[in-house]
There are 2 protein chains.
Amino acid sequence: MSTNRVLAYLAEHQQRHLEQLCDWLRIPSISSVAEHRDDVRRAASFAADELRDLGLATEIIETGGHPLVYAESEQRPDRKTLLFYGHYDVQPVVPLDLWQQPPFEPLLRDGRIYARGASDDKGQVYCHLKAVEAYVRQNLPLPVNVKFIIEGEEECGGHGIERFTDANRKRLACDAVVISDTTLYNAETPAVCYSLKGLSYFEIRLRGPAADLHSGSFGGTVQNPGNAICEIVAQLKDGDGRCRVPGFYDDVLDLDAAERAAFAALNYTDDVLREETGAPGPFGERGYTTLERMWARPTCDVNGLSSGYGGEGAKTIIPATAVAKVSMRLVPKQRPAAIAAAFQRYVESICPPGVQCEVVNLHNADPVLIERDAPLMQAGLRALAAGFEAQPVFVREGGSIPIVGTFQRCLQVPVLLLGYGLSTDNIHSPNEKLEIRNFACGCRTSALLFKETAAPV
Amino acid sequence: MSTNRVLAYLAEHQQRHLEQLCDWLRIPSISSVAEHRDDVRRAASFAADELRDLGLATEIIETGGHPLVYAESEQRPDRKTLLFYGHYDVQPVVPLDLWQQPPFEPLLRDGRIYARGASDDKGQVYCHLKAVEAYVRQNLPLPVNVKFIIEGEEECGGHGIERFTDANRKRLACDAVVISDTTLYNAETPAVCYSLKGLSYFEIRLRGPAADLHSGSFGGTVQNPGNAICEIVAQLKDGDGRCRVPGFYDDVLDLDAAERAAFAALNYTDDVLREETGAPGPFGERGYTTLERMWARPTCDVNGLSSGYGGEGAKTIIPATAVAKVSMRLVPKQRPAAIAAAFQRYVESICPPGVQCEVVNLHNADPVLIERDAPLMQAGLRALAAGFEAQPVFVREGGSIPIVGTFQRCLQVPVLLLGYGLSTDNIHSPNEKLEIRNFACGCRTSALLFKETAAPV
């Protein structure tokens, strides 16, 4: 039976697959840093070469920014069609000194692959490629038509993929989109994700003096942008972590009783939170459990602060400028454009005197909600159960995958979020890793999904 | 009359004196940069050689760090004794590309000497040496005994001079200390400075999660150190810039009516402030003029903020840590140790839950107040009036010169702060310069000071 042959192939070739993944991980495809532009393109070529070798019609598509990799198998009209989406670009790697090894020199240790991009998202995308390989190399017919669209601007907020999707609805036509860029619920429990948060990301820039001033010569005479930025940020939330932007909660879709019960059954304890984060304990909006806040309540967080002297010891200056990067995670029914406008108005209204304030909306993303009883979602649960040999659960996700909303809107098909990572994979942090077992189970799950969705989606 | 001969000598030899100063300025004595260690020592030898040539008993004194230059004339018991303090080390020179010429290749142009150290402090110290030369080379008796102590760690925060002063009170015994390391009030108005602010410098360090977290995965669940540091800093001052540390103003010595009137007479306008700072306008504590805040009110300023991502574009993290560098400039009668303790208690008391807070006192310095009607101060005013041919004023200074407090405490004598620089001399910045006219007037003033202080100090 072909499924057995496919799974056997994946087991047999696992070591080679890992080594090939390491080759991809060696390419420092940091999309937000201009000097890595050519590296990003090399990472695209790596994926394109592999898809072409598997016999897929493959193309590198220019977007004006970083390119898209598009590939499709033979499209037989008697088969369902799955469109796999992923991204080959990665997050920045600073602070470098906190990495145990250089972030682009993959390290296989203790059953894990350590490297920037191992979990987010090269390692997960690679599972789908290797599932296709298991069919193609054994001359087994794919149970479904497959299409791949892999982008290079996911981590830098580029819009190439959205414009391409919007303009190529026929080419991308499919019965379902599959995305592996999320996580298992925990190490033992695979999951299908049915909701993502949206995002509205801002940079608040303050300018005071023309240059840094001697804090002795001019202290007390002019507004200090470093103090002023703190006054602004301190007014973004109340003492319980509730956002103070006017109207922020107006459109929030409340959790229903079934969801609250299902969340409670997952028994996410304070100890688990401490273990996963290393933080002293939970903190946030009153009246909600940690999991409810994580998955279904909007948030407002500082992502970066910089002003004045950041080196060792003392430097006595009044900084000329201060910058805060602040992002809001939004939940279903909140509208990013309306929230962004309200945020901008609010920040301008609370800016202290004596500085010039610029409030820049870097990007926005829609929140996502997917019907849990769709046939595709059930096929995903079955593939996970067999691929991971464990009972999967439904989860939500606090992160944003802006493209999901684009696919829903342009292609009018369901989106299956099938994560192979762990929340402890240190994505966006030093020492990012992927569990090798999850890579192996992910390859199996992807292969099994072809069969599970061959039935009417 | 000997004074006329001295002034004539200084006029006649001015060009040679400038050329010799340039030789000293060519030595890149950057004390904070290890690779310049030998250059720093060469700059010390330059000063020592010159003092020895003038017949002073001269010694280079090891401190463990950069050496001190100590010299003294014949000490006749029937003369008053002046101790001249200065420093031969200089600030770093980055960013080099903003200099019009290499910082250690002095350029004489438009009536100025451009070079690192021209104003801070070699050029000012050199005035005192040349004043001595004008007496010695003409075999005129010095009206006072002179002692010189010139250090090499002023710009790198070394403590060699403090230890030496504390341990050598008899050797340094004098009737007054003279320091030329400050500025005229403005280009037309020489000044005697009678007060310096003190300092208490802190680093506030917050720790939350063990590493940066994905702001989607964990937003809303734990305290964000970036938000928390802003909440702390925002509570350090009220909306008018008044410090909220309990007891902060308790010991502040208020300005008297004469001082307020004298400050007002200096007519420091908002336009001058805008020109000097490039800031949109004045800001600070209500009820005080800009000059009162600058010179006589304590301040609390952010010197640096850093948390999370400071690069280009967006990174969606909850930062693991946040650091604020905060310093308070203190005025006479405030006690740095008491203020530091109050600051520490206050910050710990307002720290939000969910982060670990460390409040580190990097260093403190005492404020300084010198009696304006002391005979020494009046002698300084007379010397300035004749040396610069302009009516001098009394000023205060917002910066700190920690050694002044050390001299007051160890030697129990008044300190005359007699500045020959300008606030526009770009000290600590590219294109540092000294006005040649101020060098010439400074040499005259130093020479005249010998005579003015020969009367009972």
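Structure notes:
- Options B:196, B:213, B:206; residue that is crowded, with 22+ Cβ neighbours inside 10 Å and under 26 Å from residue B:264 (Cα atoms): B:196
- Within the stretch A:150-165, the set of residues being more than 14 Å from residue A:43 (Cβ to Cβ), in contact with a helix residue (DSSP H, G or I) (Cβ under 7 Å, 6 or more places away or on another chain) and not acidic (Asp, Glu) comprises A:161, A:165.
- Matching residues, the stretch A:213-238, being in a loop (DSSP other than H, G, I, E, B), facing chain B (nearest Cβ under 7 Å) and free of Cβ contacts under 8 Å to residues at least 40 places away in the same chain: A:220, A:221
- Restricting attention to the stretch A:343-358 and to residues that are crowded, with 19+ Cβ neighbours inside 10 Å and away from chain B (no Cβ under 14 Å), the residue that is farthest from residue A:404 (Cα to Cα) turns out to be A:346.
- Screening A:302, A:245, A:272 for residues that are among the hydrophobic types (A, V, I, L, M, F, W, C) and surrounded by fewer than 18 Cβ atoms within 10 Å (Cβ to Cβ) leaves exactly one candidate, A:272.
Every residue, every condition in (1) under 23 Å from residue B:359 (Cα atoms); (2) part of a strand (DSSP E or B), yes or no:
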{"residue": "B:294", "(1), (2)": "no, no"}
{"residue": "B:302", "(1), (2)": "yes, yes"}
{"residue": "B:306", "(1), (2)": "yes, yes"}
{"residue": "B:312", "(1), (2)": "no, no"}
{"residue": "B:315", "(1), (2)": "no, no"}
{"residue": "B:322", "(1), (2)": "yes, yes"}
{"residue": "B:325", "(1), (2)": "yes, yes"}
{"residue": "B:329", "(1), (2)": "yes, yes"}
{"residue": "B:334", "(1), (2)": "yes, no"}
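- Any strands (runs of 3 or more DSSP E) falling wholly within the stretch B:60-115 and containing at least 3 residues that are under 30 Å from residue B:452 (Cα atoms): B:68-72, B:81-87
- With respect to being out of contact with any His (no Cβ under 8 Å at 6 or more places or on another chain) and free of Cβ contacts under 8 Å to residues at least 24 places away in the same chain, residue B:257 fits the description.
- Selection over the stretch A:132-154 of residues that are part of a loop (DSSP other than H, G, I, E, B) and within 29 Å of residue A:76 (Cβ to Cβ) gives a count of 8.
- Candidates B:145, B:139 - the one that is without any contact (Cβ under 8 Å) to a residue 60 or more places away in the chain and more than 30 Å from residue B:329 (Cα to Cα): B:139
- Some residue of the stretch B:92-104 being under 23 Å from the mean Cα position of the chain (by Cα), under 15 Å from residue B:433 (Cβ atoms) and surrounded by 24 or more Cβ atoms within 10 Å (Cβ to Cβ): yes
- Taken over the stretch A:350-365, the criterion of being touching a strand residue (DSSP E or B) at 6+ places or on another chain (Cβ under 8 Å), more than 21 Å from residue A:246 (Cβ to Cβ) and not β-branched (Val, Ile, Thr) is satisfied by A:356, A:362, A:363, A:365.
- Given (1) closer than 30 Å to residue B:364 by Cβ; (2) among the hydroxyl-bearing types (Ser, Thr, Tyr); (3) at the interface with chain B (Cβ under 7 Å from one of its Cβ atoms), index of the condition residue A:327 fails: (1)
- Taking the stretch B:305-324 as the range and being more than 7 Å from chain A (Cβ to nearest Cβ), surrounded by fewer than 24 Cβ atoms within 10 Å (Cβ to Cβ) and among the aliphatic types (A, V, I, L, M) as the test, only B:323 passes.
- Positions within the stretch B:1-30 being among the hydroxyl-bearing types (Ser, Thr, Tyr) and modelled with pLDDT of 95 or more, in sequence order: B:9, B:29
- Of the residues making up the stretch A:307-329, at least one is of a type in the set (Phe, Trp, Tyr) and closer than 27 Å to residue B:201 by Cβ.
- Residue within the stretch B:4-19 that is hydrophobic (A, V, I, L, M, F, W, C) and in a strand (DSSP E or B) present: no
- Every condition in (1) crowded, with 22+ Cβ neighbours inside 10 Å; (2) in contact (Cβ under 8 Å) with a residue 40 or more places away in the chain; (3) not in a loop (DSSP other than H, G, I, E, B) is met by residue B:263 except one, and the failing one is (2).
- Matching residues, the stretch B:292-316, being at pLDDT 95 or above and under 30 Å from residue A:155 (Cβ atoms): B:304, B:305, B:306, B:307, B:308, B:309
- For the stretch A:155-211, a tally of residues being in contact with a strand residue (DSSP E or B) (Cβ under 8 Å, 6 or more places away or on another chain), assigned to a strand (DSSP E or B) and not small (Gly, Ala, Ser) returns 17.
- Contact map, the stretch A:152-174: first residue on the phi > 0 side of the Ramachandran plot, second residue assigned to a loop (DSSP other than H, G, I, E, B), Cβ cut-off under 6 Å, separation 6 or more or different chains; pairs are A:157/B:314.
- Unique residue being buried (at least 22 other Cβ atoms within 10 Å of the Cβ) and acidic (Asp, Glu) when the list is B:89, B:53: B:89
The values are calculated or read from the model by the stated rules, or taken from the named source; none is laboratory data. Just so we're clear, the structure is a prediction, and the values are computed from it rather than from any experiment. Quick reminder, even Gly has a Cβ in these numbers, built from the backbone with ideal geometry, and neighbours come from all protein chains shown.
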